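Before any comments, here is the structure.
The values are calculated or read from the model by the stated rules, or taken from the named source; none is laboratory data. Just so it is clear, the model here is predicted, and its values are computed rather than measured. In this analysis, Cβ positions are derived from the backbone assuming ideal geometry, glycine residues included, and neighbour counts consider all displayed protein chains.
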Amino acid sequence: MGRIKNPSKYLGNELEYLKKVLRAESWSATGGSWNQAFERKFAEKFKVRYAVAFNSGTSTLHAALEAVGVKPGDEVISPALTVIMDTTATIHANAIPVYADIDPHTFNIDPKDIERKVTKKTKAIIPVSLYGLPPDMNSIMVIAKKYNLMVIEDNAQCFLSKCKGKVSGTFGHMASYSFENTKHISCGEGGMVITNNKEYAQKVRKIGGHGFKNLTAQEGRIRLRQDVFQNPHYKRHDEIGWNYRLPEFNAAVALAQFERIEELVSLRMKSAKMFIDVMRECDYLIPQETPAGYTNSYYTLGVVYEGAERIGVSWEDFRKEYIKEGGDGIYGAWSVPYFEPVIAERKFVGRCPWVYKNVRYEKGLCPQAEKIQPKIMQFKTNYRDLKLARFKAEVLRKVIRSFKCSI
């Protein structure tokens, strides 16, 4: 059983679509059609008016912040347990990251702490659907309405999950997705922004496309009329923008992946369930809690490890034993962002000194996140053969029972 290999994630139309791109005249999003096809399918799936493709799930966040009007010195609230990209995207916009603590059971941002952190400078909230579980978006939107704040959902790890019957990504003013190599669908690197607001859609497209004036909410191609575009008197740019465009090759691969999104999400959910069932044999592996009325698409299975206190086995030693017996690597959670050297040592200040000169983050700012982060184990769910997932879960069972017998 240990010889089973995880099948390739590219089992659909990826190769066929790539061949079509190679035969096309344009490989750029500025003239091709694969981005447009992918955006259309994405918008249809989420039942929104607009989808705009990007080269990463980080550039999406930066563009979205700029599009909703975040200015230098504005404050943006994000969770204290997440990747640093929510912080760096905020800094790219010359805004100030503000950290809200988390719910210790769901690991997601705590709406009560969001409200405690709101000031007159607050402009936006970036709630994160951590590991595939949406946060309490209904409460977050109530707070946003109360204080007139913009909400950009970071769904890099979340596809098709629901919060009280509504699909994650359709609550806020905009939502961001990632197609990086480990995500539910992947094309190496890529991202998407969705929204129902035409102004925001056009704005993010221009921000991601060098500010070309003829970009629209629904159209990313800029060379549709060559006689106009190539005229020496033609003026091209009416906004400041970056090059955040998704290459046609990536769009073709991502589209082929997206055609199978229900299957890919289902495999992760089934794999996670196998591990959760095994963890019921012990009291020191505590899975992320999925509240009633929520679904979790399990980008990974997040677990709080209490084994050091309860069975006298360190985080590191438990991981080593699991790998020795044939399990996959267990991943730790990223550091609380404000403990990363770039933030803790205030290396970010040079980006915009007049904004950041008095900005400091101290230990104890978000105690729940600081307490839980070192204990988190992330178990792999990206199995495309459920027999392999079952084998890895049974390896975990063996390890749990071995420690039970040794104490």
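Taking (1) surrounded by fewer than 14 Cβ atoms within 10 Å (Cβ to Cβ); (2) out of contact with any helix residue (DSSP H, G or I) (no Cβ under 6 Å at 6 or more places or on another chain) in turn, residue 395 satisfies each apart from (1).
The one condition from (1) in the same structural domain as residue 197 (by TED's automatic domain parsing); (2) without any contact (Cβ under 8 Å) to a residue 40 or more places away in the chain that residue 55 does not meet is (2). If I ask for residues that are surrounded by fewer than 18 Cβ atoms within 10 Å (Cβ to Cβ) and part of a helix (DSSP H, G or I), which ones from segment 376-389 would you list? Correct list: 386, 387.
Selection of helices (runs of 4 or more DSSP H) fully inside segment 261-333 by the criterion of at least 3 residues being more than 28 Å from residue 185 (Cα to Cα), without any contact (Cβ under 8 Å) to a residue 24 or more places away in the chain and not β-branched (Val, Ile, Thr) returns 315-324.
Restricting segment 351-364 to residues that are out of contact with any strand residue (DSSP E or B) (no Cβ under 8 Å at 6 or more places or on another chain) and closer than 14 Å to residue 88 by Cβ leaves a set whose member that is surrounded by the fewest Cβ atoms within 10 Å (Cβ to Cβ) is 351.
For the residues 87, 60, 82, the requirement of being β-branched (Val, Ile, Thr) and part of a loop (DSSP other than H, G, I, E, B) singles out 82. Considering only residues that are farther than 18 Å from residue 247 by Cβ and of a type in the set (S, T, N, Q), look in segment 1-38 and name the one that is surrounded by the most Cβ atoms within 10 Å (Cβ to Cβ). So, considering only residues that are farther than 18 Å from residue 247 by Cβ and of a type in the set (S, T, N, Q), the one surrounded by the most Cβ atoms within 10 Å (Cβ to Cβ) is 6.
Screening residue 136 against (1) closer than 19 Å to residue 52 by Cα; (2) surrounded by fewer than 24 Cβ atoms within 10 Å (Cβ to Cβ) leaves a single unmet condition, (1). Residue 130 - would you say it is buried (at least 23 other Cβ atoms within 10 Å of the Cβ) and either more than 30 Å from residue 10 (Cα to Cα) or modelled with pLDDT of 95 or more (or both)? Taking the combined requirement at face value, the residue satisfies it.
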